[in-house]
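Participant: Got a structure here, written out as structure tokens. Questions coming.
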Amino acid sequence: MTETTKTVITIDDLAKIDLRIGTVSDAERVDGSEKLLKLQVSLGEETRQILAGIGKRYTPEELVNKQILVVINLAPRMMMGLESQGMLLASDDEEGPVLIIPHSPVRSGATLH
């Protein structure tokens, strides 16, 4: 195990995570925060509100219609008085978070294996 590995998990632990493709249908800045964005994410048959700290790297306008990877079975969390109903996946580089996106278009709500 390397220094950067947090915890070793089993395949059963990984199977608990429900990863889906979502399409951002709307995005806006959260008042009072310079990095928090409120996204409406279509997952096929439902839409979820997801709050993400990506506002220093991305504008709301450039996120609309973008496909993202979403953890949908994460417990809801309140942030700045708003409920986040999932978590998008991103990596970090020296300029901040970088969204993990599909290489080509995928059906919204598609499950990742």
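Okay, residues lined up against (1) farther than 21 Å from D92 by Cα; (2) out of contact with any Asp or Glu (no Cβ under 8 Å at 6 or more places or on another chain); (3) not small (G, A, S):
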site: K35; (1), (2), (3): no, yes, yes
site: E45; (1), (2), (3): yes, yes, yes
site: I50; (1), (2), (3): no, yes, yes
site: G53; (1), (2), (3): no, yes, no
site: T59; (1), (2), (3): no, yes, yes
site: L63; (1), (2), (3): no, yes, yes
site: K66; (1), (2), (3): no, yes, yes
site: L69; (1), (2), (3): no, yes, yes
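Participant: Quick one: count up the residues across the stretch 67-88 that are surrounded by 15 or more Cβ atoms within 10 Å (Cβ to Cβ) and assigned to a loop (DSSP other than H, G, I, E, B).
Facilitator: Counting residues in the stretch 67-88 that are surrounded by 15 or more Cβ atoms within 10 Å (Cβ to Cβ) and assigned to a loop (DSSP other than H, G, I, E, B) gives 3.
Participant: If you take the residues of the stretch 10-36 that are part of a strand (DSSP E or B) and over 11 Å from the mean Cα position of the chain (by Cα), which of them is surrounded by the most Cβ atoms within 10 Å (Cβ to Cβ)?
Facilitator: A27
Residue-by-condition table, conditions (1) closer than 28 Å to H113 by Cβ; (2) not hydroxyl-bearing (S, T, Y):
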residue	(1), (2)
K6	yes, yes
T10	yes, no
A15	yes, yes
A27	yes, yes
K35	no, yes
L39	yes, yes
T47	yes, no
R77	yes, yes
A90	yes, yes
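Participant: Taking the conditions exactly as written (in contact with a Gly (Cβ under 9 Å, 6 or more places away or on another chain), surrounded by 15 or more Cβ atoms within 10 Å (Cβ to Cβ) and not in a strand (DSSP E or B)), does I50 satisfy them or not?
Facilitator: When the stated conditions are applied, I50 does not pass them.
Participant: Can I ask one more? Could you tell me how many of the residues in the stretch 89-113 are under 15 Å from the mean Cα position of the chain (by Cα) and either buried (at least 16 other Cβ atoms within 10 Å of the Cβ) or not β-branched (V, I, T) (or both)?
Facilitator: Of the residues in the stretch 89-113, the ones under 15 Å from the mean Cα position of the chain (by Cα) are 89-92, 96-102, 108-112.
Those still in the list that are either buried (at least 16 other Cβ atoms within 10 Å of the Cβ) or not β-branched (V, I, T) (or both) too: 89-92, 96-97, 99, 102, 108-110, 112.
The number of residues fulfilling the criteria is 12.
Let's see how each residue does on (1) without any contact (Cβ under 8 Å) to a residue 40 or more places away in the chain; (2) within 15 Å of I21 (Cα to Cα); (3) of a type outside the set (S, T, N, Q):
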| site | (1), (2), (3) |
| --- | --- |
| L37 | yes, no, yes |
| L43 | no, yes, yes |
| R48 | yes, yes, yes |
| V70 | no, yes, yes |
| P76 | yes, no, yes |
| Q85 | yes, yes, no |
| R107 | no, yes, yes |
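Rule-based calculations on the coordinates, nothing more; no lab input. Given the structure is predicted, the values throughout are model-derived calculations rather than measurements. Ideal geometry is used to build each Cβ from the backbone, glycine not excepted, and the neighbour counts take in all protein chains shown.
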